[in-house]
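Notes for the one structure printed next.
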Amino acid sequence: MAAYVARRLLLAIPTIWGATTLVFLVINVLPGDVASLILQGTSGEGILMPYNLEVLRKELGLDRPMYVQYFSWLGHVVTGNFGTSLWTGRDVFKEVIMRLPITLQIAFMGIFFGFVVGLPIGIISAIKQDKWPDYILRGFAILFLAIPTFWIGLMVIVLGARYFHWNPPIGYYPLWEEPLRNVKQLIWPALALASHDFARVARMTRSSMLEVLKEDYVRTARAKGLGEWVVFLRHALRNSLIPVVTLMSVYFATSLGGTVVLENVFSVPGLGQLFYQSVRVKDFVMVQGLIFWLVTMFIFVNLFVDLLYGWLDPRISYK
Amino acid sequence: MMGRSVQEVARPQAVARVGRVLGELLKQTLTFIRRKPLGGVGLIVVLLIVAMAVVPGVFATHDPLDADFDAVLKGPRSVHWLGTDNLGRDMYSRIVWGSRVAIIVSFGAIAVGTTIGLVAGVVSGYFGRWVDVAMQRLIEIMLAFPALILALALMAVFGAGLDKVVIALTVVYAPRTARVMRGATLQVKAMMYVDAARAIGASHARIMFRHLLPNVMASYLIVASTLLGAAILTEASLSFLGLGVPPPAPSWGQMLSGNAQEIALTAPWTAIFPGLAIVVLVFAFNAVGDALRDVWDPKLRGR
């Protein structure tokens, strides 16, 4: 298995390299750079002096040919230096490390709530297939999948303020220092994310459970006189969980995308907020650093899920 | 008058054939609605919203851009069914016109994106070897980005605009389709009739278009119908972040963006109704997609 993990990690390198290169090309292919945005302001209200622009470009190293910029960035990354933001001048790596736990916490809390709510719903749906509890629960799942997560966030804020005189807490409190305030703040974006996760988990659990219930070993279990619930929970559930868990990497990816929007709705200083701000000002050093870490995280989650897969299903072995 | 041309003689026959095809389509649609009531409702809602997008003037009661400063932030009433926004514009009419953006973006991006994905997937799956390896590597890189993050990066570069949203979503959804279509192609490729076609000397193009393509069509339509809803949600998120369709053109996501949050604190309807519009359309698309999957995916039949 160690060899398998090593091979997967080696294979990840070209993917990460490709992704960051793609972003570099996309950002630099069209005119307009961070220097003119710094001088002009994002809405273009400042005055642009050609001389200042040249000086600033030189200062930021934007006057160099594109390939020089690219390889200098790449060379630094290999040595672990992600550069400094073109917009704020802050160290990219430090900024990422500071905000990473916030985004990860939201994403994982969302997935956790999604599983806690989605699994029982999926199981009940499968057991009561094509009866009214199934219809209602499935209807719920399809409905929640259709609601934009940012709109749920918006409604929480608007209705909370209007009818409960409640405002979501602003500012950020680290989990280890003030756990209660931290959770009180991050639970809202996490719940908004979970509104999609639970629906996906429920749907996947249902269909996978129905498939498993047709298997011979389920019939055997029933034939030897086991109670329905024992058959469902001990024989069918564990096997039907495999495809559900596989989807976890998908939830993780959509969660990362979702937090970009939700962190803006709830003004949470996570990676998503930083990504959105950096992308708007074409701060490509920051954007590439962020993409590097987002993609790397995603690849690691994928690997973890694959290993989990092998643990859940002993027939699968990685060599 | 001159003698009748060939086209004119042929026309009644062609009309009859089109009529037969349409009749068949109608019959199948009715069967679909009867067998899958939820999918049927979804289909009707989608058709209704498509109609709104095609002729918004018929459905709207006001000009969506017409600011009436005597009626700013009024709640729902008989003149303004869903109230007015902070510029006194009629919310109902703006939502009706906003359907145009939603429909253009979803159908446009999915039609182009999934077609590229379909071709790429079939070619990749059929040729295998280095073509497959090269294409799958590229797709892997594209799929390493979460959908919304890739779309955001692209929109930041392109700048806001309806056409640019379509391009960005095309780039996001093409590799996702290609992955599924490659899998479907590999399955079909293993069939005996593909070997038989090759044995009688059919060309690559013929095998791909006559044998593989028709047999992966069901999977393709299922993927495309599922992605329609996803495209709407992504467009709404982009517009919400101010990187989608620029104002004043009404788009549902954009009606919720900027200072919409503060406005909604005093006038909740300005945020509730555009959101509901998104929910209704995405729900309808998903319901149709689900029903299609049930009907077409033989593996899931009878569930």
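Residue pairs whose Cβ atoms lie under 6 Å apart, sitting 6 or more positions apart in sequence or on different chains, and linking a residue in the stretch A:73-89 that is touching a residue at least 60 places away in the same chain (Cβ under 8 Å) to a partner that is assigned to a loop (DSSP other than H, G, I, E, B) and of a type in the set (A, V, I, L, M), are A:TRP87/A:VAL281.
Among the helices (runs of 4 or more DSSP H) confined wholly to the stretch B:133-205, which include 1 or more residues that are touching a residue at least 60 places away in the same chain (Cβ under 8 Å) and in the same structural domain as B:GLY229 (by TED's automatic domain parsing)?
Details: elements: B:147-158, B:162-189, B:192-199.
In the stretch B:133-205, the matching helices (runs of 4 or more DSSP H) lie at B:147-158, B:162-189.
For (1) closer than 21 Å to A:PRO14 by Cα; (2) at pLDDT 85 or above, each residue gets a yes or a no:
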| residue | (1), (2) |
| --- | --- |
| B:GLY108 | no, yes |
| B:TYR126 | no, yes |
| B:VAL133 | yes, yes |
| B:GLY159 | no, no |
| B:VAL171 | yes, yes |
| B:ARG176 | yes, yes |
| B:LEU186 | no, yes |
| B:ALA190 | no, no |
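For the stretch B:112-145, which positions are more than 14 Å from chain A (Cβ to nearest Cβ) and of a type in the set (D, E, K, R)? So that I can check it myself, show each step before the final result.
Looking only at the stretch B:112-145, we keep the residues that are more than 14 Å from chain A (Cβ to nearest Cβ), and these are B:112-132.
Residues satisfying the conditions are B:ARG129, B:ASP132.
Counting only residues that are of a type in the set (Gly, Ala, Ser), more than 10 Å from chain B (Cβ to nearest Cβ) and closer than 19 Å to A:GLY61 by Cβ, the stretch A:264-294 holds 1 of them. Of all the numbered requirements in (1) farther than 28 Å from B:GLU235 by Cα; (2) within 11 Å of chain B (Cβ to nearest Cβ); (3) touching a helix residue (DSSP H, G or I) at 6+ places or on another chain (Cβ under 8 Å), A:ASN167 misses one, and that requirement is (1). For the stretch B:230-241, a tally of residues being closer than 15 Å to B:PHE283 by Cα and more than 10 Å from chain A (Cβ to nearest Cβ) returns 1. Of the residues making up the stretch B:273-294, just one is acidic (Asp, Glu) and facing chain A (nearest Cβ under 10 Å), namely B:ASP290. Candidates A:PRO179, A:PRO174: the one that is more than 19 Å from A:VAL250 (Cβ to Cβ), more than 10 Å from every other protein chain (Cβ to nearest Cβ), loosely packed, with under 15 Cβ neighbours inside 10 Å and under 21 Å from the mean Cα position of the chain (by Cα) is A:PRO174. Would you check if B:ALA16 is assigned to a helix (DSSP H, G or I), out of contact with any His (no Cβ under 9 Å at 6 or more places or on another chain) and not assigned by TED's automatic domain parsing to the domain that holds B:GLY161? Judged against the criteria, B:ALA16 is a match. Criterion first (farther than 23 Å from A:THR296 by Cβ, out of contact with any Ser or Thr (no Cβ under 6 Å at 6 or more places or on another chain), more than 14 Å from chain A (Cβ to nearest Cβ) and of a type in the set (Gly, Ala, Ser)) does B:ALA109 satisfy it? For B:ALA109, the condition - farther than 23 Å from A:THR296 by Cβ, out of contact with any Ser or Thr (no Cβ under 6 Å at 6 or more places or on another chain), more than 14 Å from chain A (Cβ to nearest Cβ) and of a type in the set (Gly, Ala, Ser) - is not met. Only one of the numbered conditions (1) in a helix (DSSP H, G or I); (2) crowded, with 23+ Cβ neighbours inside 10 Å; (3) within 11 Å of chain A (Cβ to nearest Cβ) is not met by B:LEU227, and that is (3).
Scanning for something in contact with a Lys or Arg (Cβ under 7 Å, 6 or more places away or on another chain), more than 15 Å from B:ALA109 (Cα to Cα) and within 11 Å of another protein chain (Cβ to nearest Cβ), does the stretch B:242-253 turn up at least one residue? Checking the stretch B:242-253: not a single residue is in contact with a Lys or Arg (Cβ under 7 Å, 6 or more places away or on another chain), more than 15 Å from B:ALA109 (Cα to Cα) and within 11 Å of another protein chain (Cβ to nearest Cβ).
State whether one or more residues within the stretch A:144-153 are touching a residue at least 60 places away in the same chain (Cβ under 8 Å), among the hydrophobic types (A, V, I, L, M, F, W, C) and within 14 Å of chain B (Cβ to nearest Cβ).
Step one: filter the stretch A:144-153 for residues touching a residue at least 60 places away in the same chain (Cβ under 8 Å), giving A:149-150, A:153.
When the remaining residues are screened for being among the hydrophobic types (A, V, I, L, M, F, W, C), the result is A:150.
When the remaining residues are screened for being within 14 Å of chain B (Cβ to nearest Cβ), the result is A:150.
Scanning the stretch A:144-153, I find at least one residue that is touching a residue at least 60 places away in the same chain (Cβ under 8 Å), among the hydrophobic types (A, V, I, L, M, F, W, C) and within 14 Å of chain B (Cβ to nearest Cβ), so the answer is yes.
The values are calculated or read from the model by the stated rules, or taken from the named source; none is laboratory data. This one's a predicted model, so the numbers in the text were calculated from it and none came from an experiment. Note: ideal-geometry Cβ built from the backbone for every residue, glycine included; neighbour counts use all protein chains shown.
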